[in-house]
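Written below as structure tokens is the structure these notes are about.
The values are calculated or read from the model by the stated rules, or taken from the named source; none is laboratory data. Just so we're clear, the structure is a prediction, and the values are computed from it rather than from any experiment. With ideal geometry, Cβ positions are generated from the backbone for all residues, glycine too; neighbour counts draw on all protein chains shown.
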Amino acid sequence: MARVVVVHGIGHEWSGSALMGRDVVPALRDGVRQGSGLRLDDDDVACAFYGDVFFEEGTRGLGVPPWDEHDVEEGFEAELLMVWWEAAARAEPGVPAPDEPGTRAFPGAGWLLSQRMRSALDALSGSRFFGAYSDRMMVFALKQVRRYMNEPPVWQAARARVAEEIGDDTRVVVAHSLGSVVAYEALCEHPEWPVTDFVTLGSPLGLSLVFNRLSPLPEAGKGAWPGNVRRWTNITDPGDVVAVVHELAPRFGAVVDESLDNGLKPHSLPRYLTAKKTGRAIAEGLM
């Protein structure tokens, strides 16, 4: 089995382990080599793919429904969209903040939920990360996060995909975006795994909406330590809107929080993987 397992985030729904590995494995090998001088073989790295668990059997070919502001559910989805909007406004001067005149952000202003969600989608369409997303894909992302956090069949299937890739030789788990939540919960669930190093990239684990729903549940404001892990390195681009809370140490304890600049693609998995900081963190678990 592979010594390094990569767990993807949102955006790989129509992919698979082998197809995803075509981009992910070379990027990770480059990062490790540049950051540490260590040379990995293709067989040293595996990708845990779970993107298809969000589709009903037989519906995968139909694409994403034409979702818009009317399809954002009140509660978790609406709250998460507002968090993304606020984070994008803080990170990018060109994105209007929710409390600016005309943004229709709050119920007190007399606007319906759908009108507030329309303003949020419009604002995010001008951001670096979400600018490449259509309305339907942004709503799809919201629904994926909500479903993973709230639907047992979804999180059980996703964690099982991670478990399929972990073997006796696996020492490092690298997880991006929503995949960091999947990997974290899987590691907590399996303290017998030989994984010693956990590397999270663009992770939303520190966001209260996610943190307070983790399994196991946090106690006294502290999240559980992930299984047998000895070192946890969390790497975030300050402009990464999905990560929101950039430092995980206050929530989880002895996490080493690092920052880097991914340029115009702050949430890009390949850019995170090719960074020297990421390569050094991965290599540390292999030496």
Legend entry - Output for region 244-256, where each listed residue is touching a helix residue (DSSP H, G or I) at 6+ places or on another chain (Cβ under 7 Å) and either basic (K, R) or in contact (Cβ under 8 Å) with a residue 24 or more places away in the chain (or both): V244, R251
Inset, instruction - Taking the options V181, V199, name whichever one is at pLDDT 95 or above and part of a helix (DSSP H, G or I). - result: V181
Inset, instruction - Scan region 178-198 and report the pairs whose first residue is more than 28 Å from L80 (Cβ to Cβ) and whose second residue is hydroxyl-bearing (S, T, Y) and surrounded by fewer than 24 Cβ atoms within 10 Å (Cβ to Cβ), with Cβ atoms within less than 9 Å and a gap of 6+ or a chain change. - result: W193/T170; P194/T170; V195/T170; D197/T233
Legend entry - Residues within region 199-222 that are buried (at least 21 other Cβ atoms within 10 Å of the Cβ) and small (G, A, S), tallied: 3
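Residue-wise test of (1) surrounded by fewer than 19 Cβ atoms within 10 Å (Cβ to Cβ); (2) in a loop (DSSP other than H, G, I, E, B); (3) among the polar types (S, T, N, Q); (4) within 13 Å of the chain's Cα centre (by Cα).
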position: N234; (1), (2), (3), (4): no, no, yes, yes
position: P238; (1), (2), (3), (4): yes, yes, no, no
position: V241; (1), (2), (3), (4): no, yes, no, yes
position: P250; (1), (2), (3), (4): yes, no, no, no
position: V256; (1), (2), (3), (4): yes, no, no, no
position: N262; (1), (2), (3), (4): no, yes, yes, no
position: K265; (1), (2), (3), (4): yes, yes, no, no
position: P270; (1), (2), (3), (4): yes, no, no, no
position: A283; (1), (2), (3), (4): no, no, no, no
Inset, instruction - Looking only at region 86-101, decide whether some residue is at pLDDT below 90, among the charged types (D, E, K, R), surrounded by fewer than 19 Cβ atoms within 10 Å (Cβ to Cβ) and over 25 Å from the mean Cα position of the chain (by Cα). - result: yes
Inset, instruction - Go through M138, M149, M117 for me and flag whichever is crowded, with 18+ Cβ neighbours inside 10 Å, out of contact with any Phe, Trp or Tyr (no Cβ under 9 Å at 6 or more places or on another chain) and at negative phi. - result: M117
Inset, instruction - Kindly check whether there is at least one residue in region 210-230 that is assigned to a loop (DSSP other than H, G, I, E, B) and under 27 Å from R128 (Cα atoms). - result: no
Inset, instruction - Hey, can you tell me all the residues within region 1-39 that are charged (D, E, K, R), assigned to a helix (DSSP H, G or I) and free of Cβ contacts under 8 Å to residues at least 12 places away in the same chain? - result: R22
Legend entry - Output for region 218-277, where each listed residue is closer than 21 Å to P194 by Cβ and among the basic types (K, R): R230, R231
Inset, instruction - Just give me the residues in region 184-194 being assigned to a helix (DSSP H, G or I) and not charged (D, E, K, R), in sequence order. - result: Y184, A186, L187, C188
